[in-house]
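Structure, as structure tokens:
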Amino acid sequence: MVGSEFERALRLMRRHDPQLAEGGFGWLREMAGAHVDDLIVEFGRETDHALRCWLLELIGETRSPRSFDLLVAQLQGEDELLRDWAGRGLRLLDTKEARRVLWQHKQNQPPGAAPVFGP
């Protein structure tokens, strides 16, 4: 087999067969904490929207402080799904700074707007 486990799992995630893609996602989820920097790099390279969402979900689940800048940038972006995953990741990170960013984001929403990432 060629490549690291991380690379093999990433290749599986990119397969068009949904079962293989889900398997790759699950495999990558198991090792995400050890590869947060690699996930951030792959997120920046990825052009497929669904895969970007999956990668951001994994990045958020690592609860790594190294993910903070990326999560904040995506929370402030135009893409609603990426904002949702970024908000979830910041909630999981649960640092004082992450809570401040989430509070500020909520304050900047128009009155009566639906929450971007849950209650």
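Which of the following residues is surrounded by fewer than 20 Cβ atoms within 10 Å (Cβ to Cβ) and assigned to a loop (DSSP other than H, G, I, E, B): GLN109, GLN104?
GLN109
Look at the stretch 77-95 and say how many of its residues are surrounded by fewer than 12 Cβ atoms within 10 Å (Cβ to Cβ) and farther than 20 Å from VAL36 by Cβ.
The number of residues fulfilling the criteria is 2.
Residues in the stretch 92-106 that are touching a residue at least 12 places away in the same chain (Cβ under 8 Å) and over 13 Å from PRO65 (Cα atoms): how many?
Residues that pass the stated criteria total 3.
Could you tell me which numbered condition GLU30 fails, if it satisfies all but one of (1) of a type in the set (D, E, K, R); (2) assigned to a helix (DSSP H, G or I); (3) surrounded by 12 or more Cβ atoms within 10 Å (Cβ to Cβ)?
It is condition (3) that GLU30 fails.
Computed from the coordinates by the stated procedures, all read-outs in this text should not be read as laboratory data. All of these numbers come straight from a predicted model, not from anything done at the bench. Heads up, the Cβs are rebuilt from the backbone with ideal geometry, glycines too, and the neighbour counts pull from every protein chain shown.
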